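What follows is a single structure, written as structure tokens, with notes after it.
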Amino acid sequence: MGGNSGSSRSLEESPTWALASVCFTLIAISLVIEHIIDHLSKLLIKHHKQALHKALENLKSELMLMGFLSLLLTVGQGIITDICVPKSLSNSWHPCKEKSKGVVEKSRTFDSKVLVSNCKSNLFVNLQNMDPFLSYDGLHQLHIFIFSLAVFHVLYCLITMLLSKLKMKIWKSWENEAKTAEYQFSHDPNRFRLARNTSFIRRHLGFWSESPILIWVVCFFRQFVSSVPKIDFLTLRHGFIMAHLAPQSSAKFDFQKYIKRSLEEDFKVVVGISPALWLLAVFFLLFNIDGWYSYLWLPFIPLIVILLVGTKLQVIITKMAMQIVGDGDVIKGDPVVQPTDELFWFKHPHLLLHFIHFVLFQNAFQLAFFTWTWYEFGYPSCFHKQFEDILIRISLGILVQVLCSYVTLPLYALVTQMGSNIRPTIFSERVEAALRKWHETARNRVAKNHRSVSSTWSKTSGASFSLSHSSKHL
């Protein structure tokens, strides 16, 4: 204990220059971060990126929530460590195997004297058979894990948006090509041809498309190679315009910008952490038990989910192609896909977004947990027993991030536009803001006219009542 006396000094025994230096550093870092976020917020507002601005506000709320959790742990650490439980209970559900008896006794932070001072419960007399509910060291390590989770969540959100926009940049050239006179001439809407001779149908129909099993197998592998080819983008663009807009809008409507605005709108959901995701994080911590090998199979869950979502999106495109052939062997103009919610799970296109949200959060959680355990317990430890385990976890984390951001999320942004309903992002943010302002003005004007009419009617009714009353007396 004598060697640790310097580390247990209180503030009244610490030099003021050390205290002031730490406070100054923390305040300076906080102000710089706040200034950066504020500058970014103003920049998004200036460029009319209302959806991204809302996503930034959600991100700030999540960071504030994590900071509040850390504050609660700091304030309540005395209360938590004062709680004592029987040793039989505290020795269960450990993430690692119990060390040898001598090592355990040496590493215990709480000896019998500390237990007497910390365990305030009078329900148990024999304090020798009691352990703290959670130690000071455990609370400190939990602080670090919350910080790691916040950092990885922010980084994942930024990387996700950057990779998605990088993929969708390729679509801009296809969008510009669809507006050229050469493209309009080569795709004559009055020309008749066989449906199976079109590039879109040839890509998506074959002997495998008739089998409920083979269609999923082919679509599973298709997401890895050219998940959104040029022919798919142009065909879905044409089907969207024919279903929701005037046919002559093909040369004017910017489908790529519309998808981009829709993705930015969905990004508000991806940034946040819902109560369900927090509950899942708690379950993952709860069932991280020795013998369950959760550190091996948990990282595969996000991979399986994102591959399933990507396969489903490819299946939807294939079934749209099958519907075109089912409507007739001869088509007029380009193939026209029919937007419908029937092809999506439970007829809810945006349900897929919640799966993607789960994948991104779970992947960030797994890498944050991996980094935290490596920092706290080193290598090797019960969390990282072999180098192959570390390699698998890092490789899966990077693979899922790239696959979700660069492949599945852009594919989701394109295919979900093929739902039955058109999204409000069909209008640009300036037009949408103008429409909302016009709607608000019109509603206020109607309310004002209603109040004016009510006031006039009250005055007229009062005058009529007075006149009637006077005539009675006459």
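What the table below lists for this structure:
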read-out	value
Segment 286-345: C-alpha gyration tensor shape, a/c 1.5 cut-off, then a/b vs b/c	prolate
Theoretical FRET efficiency, 1/(1+(r/R0)^6), r = Cβ-Cβ of residue 83 and residue 18, R0 25 Å, to 0.05	0.20
Electrostatic dipole magnitude of segment 340-399 [Cβ: Lys, Arg +1; Asp, Glu -1; Cα centre; debye, to 20]	80
Pair residue 197, residue 285: separation of 7 Å Cα→Cβ label points (nm)	6.5
Separation of the residue 140 and residue 158 label points, Cα + 7 Å toward Cβ, nm	2.9
Per-selection metrics, segment 151-303 (Cα): Rg and Dmax in Å	21.3, 68
Cα-Cα P(r), segment 204-249, percent of pairs per 5 Å interval	5, 18, 18, 17, 17, 12, 9, 3
Solvent-accessible heavy-atom area per residue, rounded to whole Å², over segment 243-370 at 1.4 Å	41
Residues in segment 64-97 that a label on residue 129 would reach, taking backbone N under 20 Å of a point 7 Å out along Cα→Cβ	83-93
Full-extension gain in nm, residue 46 to residue 182, via 0.36 nm per residue minus C-alpha separation	45.3 nm
Gained length - residue 385 relative to residue 172, 0.36 nm times residue gap less alpha-carbon distance	71.9 nm
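The values are calculated or read from the model by the stated rules, or taken from the named source; none is laboratory data. Note that the structure is a prediction, hence the values are computed from the model and not measured. Glycine gets a Cβ as well: all are built from the backbone with ideal geometry, and neighbour counts include every protein chain shown. Keep in mind that these areas ignore ligands, DNA and RNA; they rest on the heavy atoms of the full protein, side chains included. Shrake-Rupley method; radii C 1.70, N 1.55, O 1.52, S 1.80 Å.
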